[in-house]
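These notes are about the structure you will find just below.
Please treat every number below as a calculation from the coordinates, not as lab data. Computed from a predicted model, the values in this text were never measured in an experiment. Here the Cβ is made from the backbone with ideal geometry for all residues, glycine too, and neighbour counts use every protein chain on show.
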Amino acid sequence: MIKFILVDLFRVLLFPKDKTYLGDLNPLYTEKAKNPDNHFFDYLEFNTELLSFLATLTSRFTFCLFTAATEVQHTPEAQSVLGPIFKATYSTEKLGMRKTDPESFQLVCSYLRAIPPEIMYIGDNSACVEAAGKAGISGILYTTNSQTISDLKAKLNI
């Protein structure tokens with residue numbers, strides 16, 4: 001029975017406003033944050049549709065971020081959106097592992113004091129979803145909101 005849902009931050013819950021940007025979140029945020037004239041929402045936008053759906057499930061599941069980012073989710077702008085939904089954040093940088101390593105998911109299991117079948121992972125990288133599966137964690141590959149919400153409903157029987 002699923003108790004915890006781990007969600008990747010970048011390109012699942014947070015997107016660059018510049019649709020041509022193909023890089024990672026950390027370098028984008030670091031570069032933009034250097035200039036005090038750049039405001040968070042000038043270059044980043046939240047996936048409000050998916051976040052609104054997840055918010056309806058907070059009484060049934062514990063949501064945690066599992067991300068490579070170490071700074072973005074702690075900004076006041078991000079906390080105002082993510083704080084009410086996500087109870088913890090696990091960063092691969094702080095864990096010293098990559099999400100493509102099944103051991104990173106096993107480590108998160110130990111922090112949550114959970115067994116893999118109690119956890120689901122949503123991410124945009126198929127290698128990370130595969131690593132979660134190798135760790136015994138059910139995964140959903142994010143491609144669109146409608147697909148992800150449909151997959152969540154099916155896997156969670158809701």
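Could you work out the relative contact order of the range 103-158, using alpha carbon pairs under 8 angstrom and six or more residues apart, expressed as a whole percent?
Dividing the mean separation by the residue count of the range 103-158 yields 29 percent.
Quote the relative contact order of the chain in percent (integer), defining contacts as alpha-carbon pairs under 8 Å separated by 6+ residues.
Details: 223 pairs, mean separation 41.5, N = 158.
Dividing the mean separation by the residue count of the chain yields 26 percent.
Order by neighbour count: K32, K99, K94, fewest other Cβ atoms within 10 Å first, most last.
Details: K32 16, K99 24, K94 10.
Final ranking by Cβ density, sparse to dense: K94, K32, K99.
Mind checking which lysines have their C-alpha under 29 Å from K3, skipping anything on the same chain fewer than 8 residues away?
Straight-line reach from K3, under 29 Å: K87, K94, K99, K134, K153, K155.
Distance in nm between label sites at K94 and D18, each 7 Å beyond Cα in the beta-carbon direction?
Going from the K94 label point to the D18 one covers 2.9 nm.
Work out the charge dipole of the range 13-158 with +1 on the Cβ of Lys and Arg and -1 on the Cβ of Asp and Glu about the Cα centre, then indicate which of M120, T75, L22 is farthest towards its positive end.
Going by the Cα projections, it comes out as M120.
Given the rule -39500 (n - 2.57) for each run of at least 4 DSSP H residues, summed and divided by the residues of the chain, what is its mean residue ellipticity at 222 nm, to the nearest 500 deg cm²/dmol?
Helix contribution divided over all residues of the chain: -11000 deg cm²/dmol.
Rounded to the nearest 20 Debye, what is the dipole magnitude of the range 1-60 about its Cα centre when Lys and Arg each give +1 and Asp and Glu each give -1 at the C-beta?
Details: 7 positive and 8 negative charges, 55 e Å.
Roughly 260 debye for the range 1-60.
Please give, to one decimal in nm, the separation of the simple spin-label points placed at S150 and R11, each 7 Å out from Cα toward the Cβ.
2.2
Give the order of Y90, Y21 when sorted by the count of other beta carbons within 10 angstrom, beginning with the fewest.
Y21, Y90
When the Kirkwood radius is taken over all Cα pairs of the chain, what Stokes-Einstein diffusion coefficient follows at 10 °C and 1.306 mPa s, in µm²/s?
Diffusion coefficient, whole number: 100 µm²/s.
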